[in-house]
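Data first, discussion second: the structure below is written as structure tokens.
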Amino acid sequence: MNTRTNQLKILISGGGGLLGTVLQAIDPAIIAPLREEMDVCDKASIDAALAKYKPDVFIHAAAFTSPPRCDEHPMLALETNIIGTGNAVLSAEEHGVRLVYISTDYVFKGDSGMYLEDDELLPQNLYAWSKLGGECAVRASANALIIRTSFSPDEFPYDAAFVDQYTSRDSVSVIAGLILQVVSADVKEQIIHVGTDRKSVKELALKLGKEDVKDLRRDEVSFSAPRDTSFNTELLDKYLNT
């Protein structure tokens, strides 16, 4: 794929997060206002940022992402992930800016894996429901793209990893690079899955150099961990090979 991000003026929300930080490292021209300047929970501040910077693309990566904390603070999950995304959609529409919404593989039930973009959705926790709520807002805009994805820090952060949970997750550097390629492409569809090959979480940990990672099984943890949220990436491959 011919990457053209240097020809696009990109603004992102959530610039201080893991993904936002790596996106800026790959493309230093990306504009990432601090939350004090642009808070997705305050539509007026989004309007002001879009009017000031006049981007071609608005990557909405800001989110309340911790499933346990979403369970503890459900109204904050609603305000950030659903209302905040609705604000982003409205502002982008009003300013004629293409919105790219970063969603999650957790919108799927996780019982089969290799999910296509139009497969049935059934979130298994409040975090995933709130991200699906954001997707519903984005679907109201014809000039918007939903990217479902999943990523890990470049250095696997845990001492143990699931041997019986499967994913298309990869390092944040790999996923961020793919996201920028997708943003630069003329994607006609409204949803695209961004990930790499299907693998267990332990296989991912080993791939990222965590050689001493211990085995962990889903029935050994206190929370619900889906068995397989891996993606079918045929649509992504089509655009990568264009």
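The values are calculated or read from the model by the stated rules, or taken from the named source; none is laboratory data. Since we're looking at a predicted model, the values are computed, not measured. FYI the Cβ positions are ideal-geometry reconstructions off the backbone, even for glycines, and counts take in every protein chain you see.
Answer with yes or no whether Ala62 is at negative phi, surrounded by fewer than 20 Cβ atoms within 10 Å (Cβ to Cβ) and either in a loop (DSSP other than H, G, I, E, B) or of a type in the set (A, V, I, L, M, F, W, C) (or both). In short, no.
Would you check if Asp105 is among the acidic types (Asp, Glu), under 18 Å from Leu18 (Cβ atoms) and within 13 Å of the chain's Cα centre (by Cα)? Against the criterion (among the acidic types (Asp, Glu), under 18 Å from Leu18 (Cβ atoms) and within 13 Å of the chain's Cα centre (by Cα)), Asp105 qualifies. So is Val182 closer than 29 Å to Ile30 by Cβ, touching a Phe, Trp or Tyr at 6+ places or on another chain (Cβ under 8 Å), of a type in the set (Val, Ile, Thr) and assigned to a helix (DSSP H, G or I) or not? It is true that Val182 is closer than 29 Å to Ile30 by Cβ, touching a Phe, Trp or Tyr at 6+ places or on another chain (Cβ under 8 Å), of a type in the set (Val, Ile, Thr) and assigned to a helix (DSSP H, G or I). The single residue among Asp105, Asp119 that is at pLDDT 95 or above and out of contact with any Ser or Thr (no Cβ under 7 Å at 6 or more places or on another chain) turns out to be Asp119.
Among the candidates Gln124, Gln165, the residue that is at pLDDT below 95 and polar (S, T, N, Q) is uniquely Gln124.
Scanning the range 40-76 for residues that are within 21 Å of Gly134 (Cα to Cα), free of Cβ contacts under 8 Å to residues at least 12 places away in the same chain and among the charged types (D, E, K, R) turns up Arg69, Glu72. Residues in the range 158-170 that are more than 13 Å from the chain's Cα centre (by Cα) and either within 19 Å of Ala61 (Cβ to Cβ) or in a strand (DSSP E or B) (or both): 5 in all. If you go through the range 192-224 and keep only what is crowded, with 19+ Cβ neighbours inside 10 Å and either in contact with a Gly (Cβ under 9 Å, 6 or more places away or on another chain) or within 22 Å of His60 (Cα to Cα) (or both), you end up with Ile192, His193, Val194, Gly195, Thr196. Only a single item in (1) out of contact with any Gly (no Cβ under 7 Å at 6 or more places or on another chain); (2) modelled with pLDDT of 95 or more; (3) assigned to a helix (DSSP H, G or I) is not met by Asn81, and it is number (1). Within the range 44-59, the residues that satisfy the criterion of being assigned to a helix (DSSP H, G or I) and either under 16 Å from the mean Cα position of the chain (by Cα) or surrounded by fewer than 19 Cβ atoms within 10 Å (Cβ to Cβ) (or both) are Ala44, Ser45, Asp47, Ala48, Ala51, Lys52, Tyr53. Would you check if there is a residue in the range 63-71 being of a type in the set (Val, Ile, Thr), closer than 23 Å to Leu23 by Cα and within 16 Å of the chain's Cα centre (by Cα)? Yes: the range 63-71 contains one or more residues that are of a type in the set (Val, Ile, Thr), closer than 23 Å to Leu23 by Cα and within 16 Å of the chain's Cα centre (by Cα).
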